[in-house]
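Derivation of every value follows stated rules applied to the coordinates shown; laboratory data play no part. Note that the structure is a prediction, hence the values are computed from the model and not measured. Glycine also receives a Cβ, built like all others from the backbone with ideal geometry; neighbour counts cover every protein chain displayed.
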């Protein structure tokens, strides 16, 4: 039987390298694997549909799905997830010392709809009582001028969101024209000598560990998507893709535990693994729907409440049917 040729595009994570180098295969498929930065991957996938299987940002995907225009169907292999208290950068001269000090301030964000910003707005509201409309939002490129949303927003006409049309967010933060920036990637001005920019939560690790202990949430950023036409034509494909990504992650999980000859280039990687497991349990990065239902419920709630998705999505409609009851790993 002929094998199905597919192209998979993701970033170069340890948890996908067994797929990249061929140690893990996708059942029934001949795979052409492309590695690229996530911004390029998202652009080429969302706007041009270039890849049969691609890494997808969950927040833009939820927006598209709620509008009935999602080009991909999701698979619950969560390639990227990150606590985002570390993603809030403030101008030190702005007088912002606590999250409550953000009220009424000008806050830059590369895309209002991106997953990192969604999660920050979520914890600002849940933990500190700050609604998105309590702040003035400025959208623009972090380092280059101009950046557009992947999908239209669902915000009220008077929502305080404007665009930075002539300067990058990093330069505006450095000179004090922005009070803060929320970004998955650190702005280039951060850490530069003499530039008054610091994190809102300097000891973000302790803050994020406390957040996890209180909420049980490990924020989801990116999943895997199978292009809609391929999922419809080959109903078995999504489950095969999920199984392959899960198998690749199992290999990378074992690499973290190797102590005879360290496979990860950190001298205390074993101690870091043990410290993480003490806070989050042995299976701290699970795939699958069941193990991530709490984070998925929070994300769908945030998306609708923040004016992104046009309706509150049910988790069962987000993922390909053949992956909903897959055993998480």
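For residue 69 paired with residue 25, estimate the spin-label separation in nm (one decimal), with each label point 7 Å from Cα along the Cα-to-Cβ line.
Placing both labels 7 Å beyond Cα along the Cβ direction yields 4.0 nm.
Kindly work out what percent of the DSSP beta bridges joining two residues of the chain are antiparallel, to the nearest 5.
45 percent
Can you give me the distance in nm between label points at residue 128 and residue 177, each placed 7 Å from the Cα along the Cα-to-Cβ direction?
2.4 nm
I'd like to compare 130-142, 150-162: which one has the highest average count of other Cβ atoms within 10 Å, and what's the full order after that?
130-142, 150-162
Could you give the angle, 0 to 90 degrees to the nearest 10, between helix 115-128's Cα long axis and the longest principal axis of the Cα atoms of the chain?
Compared with the principal axis, the helix lies near 60 degrees.
Quick check on packing: order 53-62, 72-81 by the mean number of other C-beta atoms within 10 Å, highest mean leading.
Sorting 53-62, 72-81 by mean packing, highest first, produces 53-62, 72-81.
Summing -39500 (n - 2.57) over the DSSP H runs of n ≥ 4 in the chain and dividing by its residue number, what mean residue ellipticity at 222 nm do you reach, to the nearest 500 deg cm²/dmol?
Value at 222 nm, helices only, nearest 500: -10000 deg cm²/dmol.
Which one of 67, 84, 214 has the biggest mean-square fluctuation once the chain is modelled by GNM with Cα springs under 10 Å?
214
Please give the FRET efficiency for residue 14 paired with residue 312, using the beta carbon to beta carbon distance and R0 = 41 Å, rounded to the nearest 0.05.
0.75
For the chain, set up a GNM with springs between Cα atoms under 10 Å and report which of 11, 268, 285 has the largest fluctuation.
Looking only at 11, 268, 285, the largest GNM fluctuation is found for 268.
Once a ≥ b ≥ c are taken as the square roots of the eigenvalues of the Cα gyration tensor of segment 95-167, is the result rounded (a/c under 1.5), prolate (a/b larger than b/c) or oblate (a/b not larger than b/c)? Let's see the in-between values first.
Numbers: a/c = 1.75, a/b = 1.43, b/c = 1.22.
Judged from the Cα gyration tensor, segment 95-167 comes out prolate (a/c at least 1.5, a/b above b/c).
According to a simple spin-label model (label point 7 Å from Cα along Cα-to-Cβ), what is the distance in nm between residue 2 and residue 166?
5.8 nm
Calculated FRET efficiency, residue 271 and residue 213, Cβ-Cβ r, R0 22 Å, to nearest 0.05?
In this case the efficiency is close to 0.65.
Helix 293-305 versus the longest principal axis of the chain: what angle, 0 to 90°, nearest 10, using Cα atoms?
Compared with the principal axis, the helix lies near 50 degrees.
Any idea how far the Cα center of segment 112-142 sits from the one of segment 194-251, in Å?
Comparing the Cα centres of segment 112-142 and segment 194-251, I get a distance of 19 Å.
Run through the DSSP bridge list for segment 85-215 and note the antiparallel percent, rounded to the nearest 5.
So the antiparallel bridges in segment 85-215 amount to around 40 percent.
Relative to the longest principal Cα axis of the chain, at what angle does helix 269-280 sit, 0 to 90 degrees, rounded to 10?
Taking Cα atoms only, the helix is inclined about 80 degrees.
At a Förster distance of 35 Å, what's the computed FRET efficiency of residue 282 paired with residue 159, Cβ-Cβ distance as r, to 0.05?
Working: r = 43 Å, r/R0 = 1.22.
Calculated transfer efficiency: 0.25.
At 0.36 nm per residue, minus the direct Cα-Cα distance, what do residue 205 and residue 254 gain on full extension? Give it in nm, one decimal, please. Walk me through the intermediate numbers first.
Values: separation 49, 0.36 × 49 = 17.64 nm, distance 2.42 nm.
Separation in residues times 0.36 nm, less the Cα-Cα distance, equals 15.2 nm.
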